[in-house]
Every structure is written in C-alpha cells, then in structure tokens.
1. Would you be able to say whether some residue in the range 48-62 is in contact (Cβ under 8 Å) with a residue 24 or more places away in the chain and under 28 Å from residue 137 (Cβ atoms)?
2. Answer with yes or no whether residue 103 is under 23 Å from residue 51 (Cβ atoms), out of contact with any helix residue (DSSP H, G or I) (no Cβ under 9 Å at 6 or more places or on another chain), surrounded by fewer than 18 Cβ atoms within 10 Å (Cβ to Cβ) and not hydrophobic (A, V, I, L, M, F, W, C).
3. Does any residue in the range 174-201 that is closer than 18 Å to residue 162 by Cα come within less than 8 Å, Cβ to Cβ, of a residue that is in a helix (DSSP H, G or I) and among the charged types (D, E, K, R) six or more places away or on a different chain, and which pairs are these?
4. For the range 17-47, enumerate the residues that are crowded, with 16+ Cβ neighbours inside 10 Å, in contact with a helix residue (DSSP H, G or I) (Cβ under 7 Å, 6 or more places away or on another chain) and either over 20 Å from residue 118 (Cα atoms) or not assigned by TED's automatic domain parsing to the domain that holds residue 68 (or both).
5. Can you pull out every residue in the range 5-26 that is hydrophobic (A, V, I, L, M, F, W, C), farther than 26 Å from residue 37 by Cβ and assigned to a helix (DSSP H, G or I)?
6. I want to confirm something. Restricting to the range 51-79 and keeping residues that are of a type in the set (D, E, K, R) and modelled with pLDDT under 90, which single residue is nearest to residue 100 (Cα to Cα)?
7. Scan the range 29-50 and give yes if some residue there is at pLDDT 95 or above, farther than 14 Å from residue 13 by Cβ, polar (S, T, N, Q) and under 15 Å from the mean Cα position of the chain (by Cα), otherwise no.
Amino acid sequence: MTPQQIARFFTVMARSLDAPATVLLTGAAAGTLMGAGRPSRDVDFAVVLPRRRGAVPPWDQVERAVQAATRQTGIAAQFAEDISRWSLISFLDYARRTRPYRRFGPVEVRVLEPAYWAIGKLTRYLDLDVQDLIRVLRRARGGGSGAASIRGSRARLAPEPLARLWGRALKASPRSDACWSFRHHVETFFHRHGPAIWGRAFEPARAIAVFHRAAGIRET
C-alpha cells in the first residue's frame, strides 16, 4: 500500500459520510506513513464521532462509508470505536497520542504516535510486525524523510523512553498469557534488534531493566 492508496481510501470514505469524524490510524497503513514501506491491502483505525446531547452517533453512516471505500478501492478495513479492545495489552491513552495526517472533507485522519503504534506490533509480533517496527525506529533515529508523524520524536523513540512506555502498557494490562508473551517479545526485540536500530553502544540489559521497573517486574 502506498500513501496515495491510503489517501484514496479516505477520500472515498469522506465522500460517503455526511457527519464529521476523526480517524486514528494504526496497523500497516500507519506504518506506511511512518516509512515502513511494506505492501499491504488493509487499513486499521479507530473512529471518533462528536458527542451531542440527545443525538445518536451515526455509526450506520460510518459503516456504509467504510464499505463504499472498500468496494471502490479494494482495500479491506477494520475499524472500531475503541481499538484498545482489539488487544489484551493496554494501549494506554492512545487516543491522545496521535499526530495529524490529512483532512478529507468532514474526516480528519490522524496517525498513532510510533511508540504507541509499536504496542500493537509487539503484541502480535509476527515477522512482518518486527520488520515494520525496525524500519520505523531506524528511520526515526536517522532523521530521514519519514512522515510527519515521526518528525521531532527521536528523543521519545530512544530505547529507555520506549522501554518505560511499553512497561507501563504491560503493567496496565489485565493478567493473561498475553502479558507473558508481550514481556518476552519486548525483551527479545531489545536483545536481537536493538544494536541494529540504536547502534553498537546500545545496551539491551539496561533497556530491559527500565522496562521491568516500569512494568513492576522484580529482577531475579
């Protein structure tokens, strides 16, 4: 998927939607806009509708608009009012951690900040997710020509701030086997890919210790 295809999807969606809405983009499409550059034919996003006293939110309009965009572009879509319900690992205050992408008529599209977007990637942790995460973090570190959503965020995407945020996400999550998996994924990611992202001076043990402290994990 290219940025042009993403823009086409939301252009069609906005054309079919009379009501104002805010889209919070995540998944592979958000990765594309942040420089991951991986082929994909689906978009994942939250939809935030204005709340008016006594009014019923027009979710039927949203559904029809998304279906129209899928038919006309061939891009599959998964959306929800609250995308944190998709995961057993907390997305924390993700709705407040977004950056503007573009406005399409009544639809404002925003992109999750990379550190919060990464929570979903680390939760699933397929090979494609790992490669997306590596590309986005390396682009941010290098200060290259990535999307606006990662410009100015290099400090927040340093290992220790990331480790702290991901630890908070784990601590805020309901206890399940997904918590053990997420912990293992974060530790593995720092060990295997940290030096390639942050350089040979990167210390996996230090980042993991920060992650453990934020998650409330006792060192053994």
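1. Taking every residue of the range 48-62 in turn, at least one turns out to be in contact (Cβ under 8 Å) with a residue 24 or more places away in the chain and under 28 Å from residue 137 (Cβ atoms).
2. Working: under 23 Å from residue 51 (Cβ atoms): yes; out of contact with any helix residue (DSSP H, G or I) (no Cβ under 9 Å at 6 or more places or on another chain): no; surrounded by fewer than 18 Cβ atoms within 10 Å (Cβ to Cβ): yes; not hydrophobic (A, V, I, L, M, F, W, C): yes.
Here the answer is no, as residue 103 does not meet what is asked.
3. That search, which allows pairs on different chains as well, returns 196/138; 197/138; 197/141; 198/141.
4. Listed by number, the residues that qualify are 17, 21.
5. Of the residues in the range 5-26, the ones hydrophobic (A, V, I, L, M, F, W, C) are 6-7, 9-10, 12-14, 17, 19, 21, 23-25.
Next cut, farther than 26 Å from residue 37 by Cβ only: 17, 19, 21.
Result: no residue meets the conditions.
6. Quick first cut of the range 51-79, residues of a type in the set (D, E, K, R) only: 51-53, 60, 63-64, 71.
The next check asks that each one be modelled with pLDDT under 90; those that pass are 51-53.
Values: 51: 21, 52: 24, 53: 27 Å.
Within the range 51-79, the match that is nearest to residue 100 (Cα to Cα) is 51.
7. Scanning the range 29-50 turns up no residue that is at pLDDT 95 or above, farther than 14 Å from residue 13 by Cβ, polar (S, T, N, Q) and under 15 Å from the mean Cα position of the chain (by Cα).
Residues are listed down the side, and each one gets a yes or a no for (1) assigned to a helix (DSSP H, G or I); (2) loosely packed, with under 15 Cβ neighbours inside 10 Å; (3) outside the structural domain of residue 137 (by TED's automatic domain parsing); (4) at pLDDT 95 or above:
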residue	(1), (2), (3), (4)
157	no, no, no, no
166	yes, no, no, yes
174	no, yes, no, yes
180	yes, yes, no, yes
183	yes, no, no, yes
191	yes, yes, no, yes
194	yes, no, no, yes
208	yes, no, no, yes
211	yes, no, no, yes
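The values are calculated or read from the model by the stated rules, or taken from the named source; none is laboratory data. What you are looking at is a predicted structure, and each value in this text was computed from that prediction instead of being measured. Ideal geometry is used to build each Cβ from the backbone, glycine not excepted, and the neighbour counts take in all protein chains shown.
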